[in-house]
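No value in this document is a laboratory result; all are computed from the given coordinates. In this text the structure is predicted, and so the values were computed from the model without any measurement. Here the Cβ is made from the backbone with ideal geometry for all residues, glycine too, and neighbour counts use every protein chain on show.
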Amino acid sequence: MSTPLVEMKNVSIAFGGVRAVDDVSIELHAGEVVGLLGHNGAGKSTLIKMLSGAYKMDSGEIWIEGNRATINSPRDSRDYNIETIYQTLALADNLDAASNLFLGRELTTPLGFVDDSTMEAETRKIMARLNPNFKKLKEPVSALSGGQRQSVAIARAVYFNAKILIMDEPTAALGVHETAMVAELIGELKKQGLGIFLISHDTREMMELCDRVSVMKNGKMIGTERVEDVTEDDILSMIILGKNPKSAA
Amino acid sequence: MSDQSAPTPPPKRNFLQSLEVDTRLLGMIGAFFVVCIIFNILTDGRFLTPRNIFNLTIQTVSVAIMATGMVFVIVTRHIDLSVGALLATCTAVMGMTQTQWLPNLMGLELGHPMIPWITIAVGLCTGAVIGAAQGWLIGYQAIPAFIVTLGGLLVWRNVGWWLTDGATIGPLDQTFVLFGGISGTLGAFWSWIIGAAATVACLLAIWSGRSTKTKHGFPVKPMWAELSIMGVVVAAILGFVAVLNSYTVPSRVIARDPGLFGCETADGCVAAYGLPYSVLVLITVAIVMTVIALRTRLGRYIFATGGNPDAAELSGINTRLLTVKIFAMVGVLSALAGIVASARLGYHTNDIGTLDELRVIAAAVIGGTALSGGVGTIYGAIIGALIMQSLQSGMAMVGVDAPYQNIVVGAVLVAAVWIDIQYRKRVGAKS
Ligand SMILES: Nc1ncnc2c1ncn2[C@@H]1O[C@H](COP(=O)(O)OP(=O)(O)OP(=O)(O)O)[C@@H](O)[C@H]1O
Ligand SMILES: [Mg+2]
């Protein structure tokens, strides 16, 4: 197989005494969607936050396109073309959609001032693709519904031509229609050759969207399987029992 | 929540919505006018004379300059209790620089033309360095701003005392004192020129804002609304200049040196003070700070950090360095305020700027800066400073004793924040 887009090797992190992620290895290839499943508190968000630069791992290695990567900050992660939709969305509630979309990467006029009108125009364009009903461009995002806020966070991640996309429960607050649009978007991005880490608690959705799924429990990796090779029940039992029935068989 | 898709007709809007003016701004200006009118009645018309308006303006400048910086501090969920003390250290440094160090150590004679400018540069650098140091303790060492600046309040007030051996320093340089207010004004002619230039600049700014919107196909307000706003802006600027220009120099002052006012002899010579340099300094600070807040990345990051520090961090913003920059800015502004304050007195005194930290915080908060972070405006802080100063001067004119003045000012501060909270609930904004 080709060099993986991302390879996390034996990564661990502990908060105080809690080993939130314990010796986990995972890889992601271009044009692939890898799902992360597991109970609340299993360590899924923590694992991807080490890739997105929000946390610094205690030990382990990250390799990106075959090169050892040092990711010490969110900025480093962005420099590797990694974009993240955080579970908490990470929006500045007092700013409008456009300011959030471009936060940290504002478009500027030739004189170096922020170019709000161009950013707003760009935001209108991308939102028209993601959530055509979205009209509240002038309001602070605190005035938006949960789903609308989620659309803003998704727009921010896909706008900047990422190579690697991390989506931590991107559809948790979305309606049926909007969820379908995100599913479609994931398919589209995959075709463009992005690698996507997707976290969700919806096993059925994961079986449809992902190429491979990984299951975590108590900070440990239980197993990674191609979706064709397993049934939904296999996945569920991995999540619940913390054992891989395939490897046991 | 306006529907912005093109084919549907725009929904009916009321008068204020069409104007798209900030209702909070209107409320503050309204409150300011109410204060002025009440005092004008209580003082039998002595409050709203050109002379008193002139005095009010120059008394407000120093606090207003610092208040613009305090907005950024409070927006990022910090506080700065040290501005008054920092001001005192900066004026002590500047006082010593111009009267002792430059003449005695560098051999520049008193009155040397370079003295005021070197002094100002030294003062601004002092402010920046001290501010940045406090910002470093807050941002990089994670000591709460409240503690760092509470310590700073004690330290800098007394470093100022130590530098001067507790003595009053002065008289200050002749050019330096021009920044104080009445001793440095533009006169009628140049005040009109500046007023006209400001008018043209504002009209151009409004117009270019409108054409950018049209270029991107965004909705614009109706032409009548745009024109009314332009009308109000023009009236406000030129009205202000007219009022200051109608404060004429008393004949006994002219008699001292008629040449200064462009007359051969004192007889029949009429001259107006016009715009003080200190007010020009404040206006420049206001414009620069507003541009920073609204049009630069720095400003965007300040507000984003105030709204959600974690989100700002995750977006790659260096919030620690940002904290250093904000406190350094406040340091520079305190030094600038110190130039104006000491120039107005003509001396550096030990107690200069005492309690200014409270006035500055009150001005920012009355001006709508939310202590919960993320919300605040520069113009609000300046109007807040004006309201505070009007209350204080007005009560002094009416003859209210100082302790009662403080009781009123304290109560007004709490009431203003309460009204602001009610207002936010009304408009449904979370704060
Ligand atoms: N910043 C932190 N400080 C201390 N403990 C943390 C921190 N972040 C996560 N943890 C702990 O690490 C463990 C894993 O948390 P994590 O957020 O990764 O779970 P998760 O799998 O994403 O769960 P969920 O499905 O609820 O989102 C939990 O026990 C949590 O309490
Ligand atoms: Mg999680």
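Structure notes:
- Computed over the stretch B:380-431, the P(r) tail beyond 12 angstrom holds 69 percent of alpha carbon pairs.
- log₁₀ of I(q)/I(0) at q = 0.16, 0.19 Å⁻¹ - the stretch A:43-160, Debye sum with one point per alpha carbon: -0.81, -1.02
- Long-range amide H partners of A:Thr108 with built H, under 5 Å: A:Asp115
- Relative contact order of chain B, defined on C-alpha pairs under 8 angstrom at six or more residues apart (%): 32 percent
- Cα convex hull volume per residue for chain B (Å³): 175 Å³
- Put in order of Cβ neighbour count within 10 Å, fewest first, the listed residues B:Ser342, B:Ser18 become B:Ser18, B:Ser342.
- q = 0.16, 0.19, 0.29 Å⁻¹: log10 I(q)/I(0) that the Debye formula gives for the stretch A:93-156, counting C-alpha atoms only: -0.46, -0.64, -1.35
- Mean separation of Cα contacts under 8 Å (6+ apart) over length of the stretch B:185-275, as relative contact order %: 43 percent
- Electrostatic dipole magnitude of the stretch A:82-236 [Cβ: Lys, Arg +1; Asp, Glu -1; Cα centre; debye, to 20]: 380 debye
- Reachable lysines from B:Lys325, criterion Cα separation under 19 angstrom, eight or more residues apart if same chain: none
- Ordering B:Ser278, A:Ser237 from the fewest to the most neighbouring beta carbons within 10 Å gives A:Ser237, B:Ser278.
- Dipole size of chain B about its Cα centre, with +1 on Lys/Arg Cβ and -1 on Asp/Glu Cβ: approximately 1400 debye, rounded to the nearest 20.
- Here the sum of -39500 (n - 2.57) over DSSP H runs of 4 or more residues, divided by the residues of the protein assembly as shown, equals -18000 deg cm²/dmol at 222 nm, to the nearest 500.
- Computed from phi, the 3J(HN,Hα) profile of the stretch A:103-116 under the Karplus parametrisation 6.51, -1.76, 1.60 (θ = phi - 60°) reads 4, x, 9, 4, 6, 10, 7, x, 7, x, 8, 5, 9, 4 Hz, with x in place of Gly and Pro.
- Shielding by partners - mean other protein chain Cβ count within 10 Å, residues of A:77-86: 1
- Look at where the Cα atoms of the stretch B:51-106 and of the stretch A:1-40 average out, and the two centres are 54 Å apart.
- For B:Leu86, the shell of other residues with beta-carbons less than 15 Å away shows a net charge of -2, using +1 for Lys and Arg and -1 for Asp and Glu.
- The residue list B:Thr60, B:Gly184, B:Gly30 was ranked by how far each Cα lies along the charge dipole of the protein assembly as shown toward its positive end, using unit charges on Cβ atoms, and B:Gly30 comes out on top.
- The stretch A:18-30 - phi-based ³J(HN,Hα) in whole Hz, Karplus 6.51/-1.76/1.60, Gly and Pro as x: 7, 7, 5, 9, 10, 6, 9, 10, 7, 9, 9, 9, 4
- Shown here: chain A, whose C-alpha atoms stretch 62, 38, 37 Å along the first, second and third principal axes, sorted largest to smallest.
- Projecting the Cα atoms of B:Gly151, B:Thr290, A:Ala92 onto the charge dipole of the protein assembly as shown, computed from C-beta unit charges around the Cα centre, puts B:Thr290 farthest toward the positive end.
- Cα-based Rg / Dmax (Å) for the protein assembly as shown: 30.4, 113
- Rounded Å value of the spacing that divides the Cα centres of the stretch B:287-306 and the stretch A:86-153: 17 Å
- Computed over the stretch A:14-100, the alpha-carbon pair-distance distribution with 5 angstrom bins reads 3, 11, 21, 24, 20, 12, 7, 3, 0, each value a whole percent.
- Cys residues of chain B that find no other Cys beta carbon under 4.7 Å: B:Cys36, B:Cys90, B:Cys125, B:Cys202.
- For the stretch A:167-177, 3J(HN,Hα) per residue [Karplus equation, 6.51 cos²θ - 1.76 cosθ + 1.60, θ = phi - 60°, Hz, x = Gly/Pro]: 10, 9, 6, x, 10, 4, 9, 8, x, 4, 5
- Ordered by the number of other Cβ atoms lying within 10 Å of each residue's own Cβ, fewest first, A:Glu205, B:Glu264 fall into the sequence B:Glu264, A:Glu205.
- C-alpha center-to-center spacing [the stretch B:315-390, the stretch B:181-220] in angstrom: 25 Å
- Those aspartates and glutamates that a straight Cα-Cα span of less than 13 Å connects to A:Lys220, excepting residues fewer than 8 apart in one chain: A:Asp22, A:Asp23
- Dipole size of the protein assembly as shown about its Cα centre, with +1 on Lys/Arg Cβ and -1 on Asp/Glu Cβ: approximately 900 debye, rounded to the nearest 20.
- The Cβ shell under 13 Å around A:Val21 holds other residues with a net charge of +4, Lys and Arg each +1, Asp and Glu each -1.
- Entries in A:Lys56/A:Lys217; A:Lys49/A:Lys163; A:Lys138/A:Lys191; A:Lys136/B:Lys215; A:Lys44/A:Lys138 that, when Cα-Cα distance is taken, lie over 23 Å: A:Lys138/A:Lys191; A:Lys44/A:Lys138
- Restricting the calculation to alpha carbons of the stretch B:185-275 gives Rg and Dmax of 19.3, 62 angstrom.
- Under 5 Å from the amide H of A:Ile222 lie the amide H atoms of A:Val215, A:Met216, A:Lys217, each residue being 5 or more positions distant or on a separate chain, with H modelled from the backbone and absent for Pro and chain starts.
- Of A:Ala128, A:Leu103, A:Phe113, farthest towards positive along the dipole that unit charges on Lys, Arg, Asp, Glu beta carbons give the stretch A:93-156: A:Ala128
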